1. Which pairs do you get when a residue that is more than 23 Å from residue 91 (Cβ to Cβ), found in the stretch 10-37, comes within reach of a residue that is in a loop (DSSP other than H, G, I, E, B) and among the β-branched types (Val, Ile, Thr), reach meaning Cβ atoms under 8 angstrom, with the pair 6+ apart or on two chains?
2. So how many residues does the stretch 250-270 have that are in contact with a Gly (Cβ under 6 Å, 6 or more places away or on another chain) and in contact (Cβ under 8 Å) with a residue 40 or more places away in the chain?
3. Scan the stretch 112-123 and give yes if some residue there is of a type outside the set (Val, Ile, Thr), modelled with pLDDT under 95 and more than 16 Å from ligand 2 (Cβ to nearest atom), otherwise no.
4. Yes or no: residue 83 of a type in the set (A, V, I, L, M), more than 24 Å from residue 211 (Cβ to Cβ) and at pLDDT 95 or above?
5. For the stretch 21-70, which residues satisfy the criterion of being in a helix (DSSP H, G or I) and in contact with a strand residue (DSSP E or B) (Cβ under 7 Å, 6 or more places away or on another chain)?
6. Go through the stretch 51-76 and count every residue that is in contact (Cβ under 8 Å) with a residue 24 or more places away in the chain and surrounded by fewer than 16 Cβ atoms within 10 Å (Cβ to Cβ).
7. Give me a count of the residues in the stretch 143-200 that are within 16 Å of ligand 2 (Cβ to nearest atom), over 28 Å from residue 76 (Cα atoms) and among the small types (Gly, Ala, Ser).
8. Where residues in the stretch 20-45 are of a type in the set (Val, Ile, Thr) and within 16 Å of ligand 2 (Cβ to nearest atom), which of them is farthest from residue 193 (Cα to Cα)?
Amino acid sequence: MTDTLEPDDAGIAKAAGLLGAGQLVAFPTETVYGLGADARSDLAVAKVYEAKGRPSFNPLIVHLPDLAAVEAIAIVGPNARALAGAFWPGPLTLVLPLRADAGISPLVSAGLTTVAVRVPEHALAQRLLRAFGGPVAAPSANPSGRVSPTRASHVLEGLSGRIAAVLDGGPCAVGLESTIVLPDPDPVLLRPGGLPLEALEAALGGPLGMGGDADKPTSPGQLMSHYAPAAGVRLEATQARVGEILVGFGPVKGALTLSESGDLVEAAAHLFQTLREADRLAGPGGHIAFAPVPETGLGRAINDRLRRAAAPRP
Ligand code: TXA
Ligand code: MG
């Protein structure tokens, strides 16, 4: 059975105890819910791959409470330090060289010499990390390839019975996974996400390289089909075709909308919940169409997720 834990001291203590016992606990972050495991335990980390049905070559992000805790497991170069100073805690993941003595299970980084690390801002995530007192490996808390969870109920829809507990912190404020950057020596964007590219470039004082080719799954949800609802997905739609559920944005009105006022922050926060809702309305074998979303700010990450939702399924 999967327990739902309340966001209070008792719930945090229970969640930390379960992590310490090598169990899986889903918890809220400002981006999406993570499926947490003790990153030092091969067994606990193996359970994450098993619960998600995740290909074992796709490594996990390690969550830590602050930069000092990150420095205990990874080498923080100059660009990493600048980005950490500007955006941690927050929706940014950095890929850094792993320290040999870090004590992180090799299953976390799937055998790579680097490790992806993130300091989340969400108050419950912070409290859980401090109560647990160790590194927490956490991918998004959804079955591999499916839509990411932004509420505790989404976690239970996908993983109930496969994990020990979910800490219920209500809806996630950002709603898109973290932006992933390889910061040093030359910064490269590996996955667009909840921190806009423009903000990164402003902090670094120059452009980022673009990485993360879908044909080379070295990183991020880089397997092309991802976030896949049951229904088929069409993009750049301005009108619903017969039998389609249209998801609007700004001036394009549909049965549902990402943001009536065309606000990208609101659209990001609503994206995954709306994708689930549209999937339910479309029904088995149904079709969903999405209105165009501008390719700026959080729009880049929204479009990245929509393109993956629309990609041919394996
Ligand atoms: O917002 C988020 O990032 C959420 C919350 C829970 O923190 N987590 C998340 O994890 O989205 P996940 O596993 O769904 O995506 C992590 C991505 C993977 O696609 C993986 O390929 C990439 O991070 N990654 C992990 N370690 C890496 C590494 N050493 N080098 C390059 N990419 C890495
Ligand atoms: Mg994911």
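The values are calculated or read from the model by the stated rules, or taken from the named source; none is laboratory data. The structure displayed is predicted, hence computed values, not measured ones. Virtual Cβ from ideal backbone geometry, glycine too; neighbours counted across all protein chains shown.
1. Hits for this filter: 23/163.
2. 3
3. yes
4. Taking the combined requirement at face value, the residue does not satisfy it.
5. If we filter the stretch 21-70 for residues that are in a helix (DSSP H, G or I), which is where we start, we get 42-52, 67-70.
Residues satisfying the conditions are 44, 45, 47, 48, 51, 52, 70.
6. Here the count works out to 7.
7. Total satisfying the criteria: 4.
8. Start the filter on the stretch 20-45 by keeping residues that are of a type in the set (Val, Ile, Thr), which leaves 25, 29, 31-32, 45.
Narrowing further to those that are within 16 Å of ligand 2 (Cβ to nearest atom): 29, 31-32, 45.
Details: 29: 14, 31: 9, 32: 11, 45: 24 Å.
Only one residue tops the list, namely 45.
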